[in-house]
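Reviewing the structure listed below.
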Amino acid sequence: MKEIHGDRFVGPAEDRITVEELADNLILHLKTRGAKAVPSFRSHLKPVRDAFGLLRAVDLTTKRIEQFIADRQAAGKASATINRETGALRQAFHLARKQGRLSRAPYFPMLREDNVQRGFFERAEFESVAANLPDPIADVARFGYLSGWRRGEILPLAWEAVDRGAREIRLATSKNSRGRVLPYTEGSALDELIERRWKAREFETPEGAAGISAYVFHRQGRPVVDIRKAWAKACAAAKVPGRLFHDLRRTGIRDMTRAGVSQPVAMAISGHRTISVFLRYDIASEDDKREALLRTEAMRAAQAKAGNVVGFGREAAKA
């Protein structure tokens with residue numbers, strides 16, 4: 001009675017629930033809702049399952065979570081990665097509370113992280129990376145460089161979404177649940193890429209028969225799924241280690257801005273819904289800053305030549 005009135009009572013059903021069951025429950029909930037982040041949550045929950053899977057949910061304490069964080073840090077994991085893992089665990093507990101399966105949840109500490117990414121490619125750097133990528137990953141990267149699209153939008157791209165006659169690529173849905181159309185012109189780099197991939201549709205099946213891939217980027221008819229190893233190897237060979245595929249998205253947006261493309265049009269191409277997020281991708285390189293200073297210096301020199309410079313300090317007073 002004391003535990004009940006003190007809100008500390010744990011019934012037999014709640015007492016038996018394990019962290020593994022909560023993780024399974026979260027994945028089932030996300031799949032039922034049609035969430036696109038299910039693969040990501042599966043990945044984030046894997047180290048959580050390894051650490052706490054057989055533990056009773058009522059026995060998970062903040063101290064144990066902090067030890068998990070410390071262990072992941074010792075393993076060299078980034079703060080953002082650890083936060084995604086801890087956040088998935090927290091979401092599993094909070095979902096169980098909403099469903100009435102748990103009466104309480106521990107406090108989940110989160111690490112401070114810097115979400116602002118700074119990586120981007122200059123043209124020569126990208127070409128060097130692309131030259132070291134195998135087919136079809138080289139074309140996957142080139143599509144990302146030309147369009148600014150996300151990797152998750154490029155890899156599963158099917159031919160049914162490509163209208164070669166109208167020269168349009170139609171994305172039915174995306175990370176923000178909105179579709180969009182990417183038009184391109186005849187003879188453009190994107191047009192050449194699409195035509196190259198069209199010729200590469202044919203493949204030989206294990207039985208020796210000829211097959212036609214339904215996917216723009218494929219390996220033996222199947223969509224390309226994981227490019228991380230090939231990407232890391234190519235970046236190392238191009239002497240730009242540590243670059244991310246997502247840097248191509250930042251590069252595309254920055255280059256559109258450099259070319260004078262208006263913000264609404266650039267956002268329509270990249271698929272950004274909010275200006276605040278879009279502006280985080282519009283990154284100025286060191287060369288951009290040098291060029292800005294040179295242009296400013298040239299403008300001031302032109303003013304001085306025209307006699308439009310106003311003096312400062314004692315010279316201004318004498319004038």
Flagged in the stretch 16-34 as surrounded by 14 or more Cβ atoms within 10 Å (Cβ to Cβ) and not in a helix (DSSP H, G or I), in numbering order, are Ile17, Thr18
Screening Ala70, Ala57 for residues that are more than 29 Å from Gly179 (Cα to Cα) and either buried (at least 19 other Cβ atoms within 10 Å of the Cβ) or touching a Phe, Trp or Tyr at 6+ places or on another chain (Cβ under 6 Å) (or both) leaves only Ala57
Quick count over the stretch 210-255, residues being within 18 Å of Glu125 (Cβ to Cβ) and of a type outside the set (Ser, Thr, Tyr), is 26
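None of the figures in this text is laboratory data; all of them are computed from the coordinates on show. Everything quoted here is computed from the prediction, not taken from an experiment. Quick reminder, even Gly has a Cβ in these numbers, built from the backbone with ideal geometry, and neighbours come from all protein chains shown.
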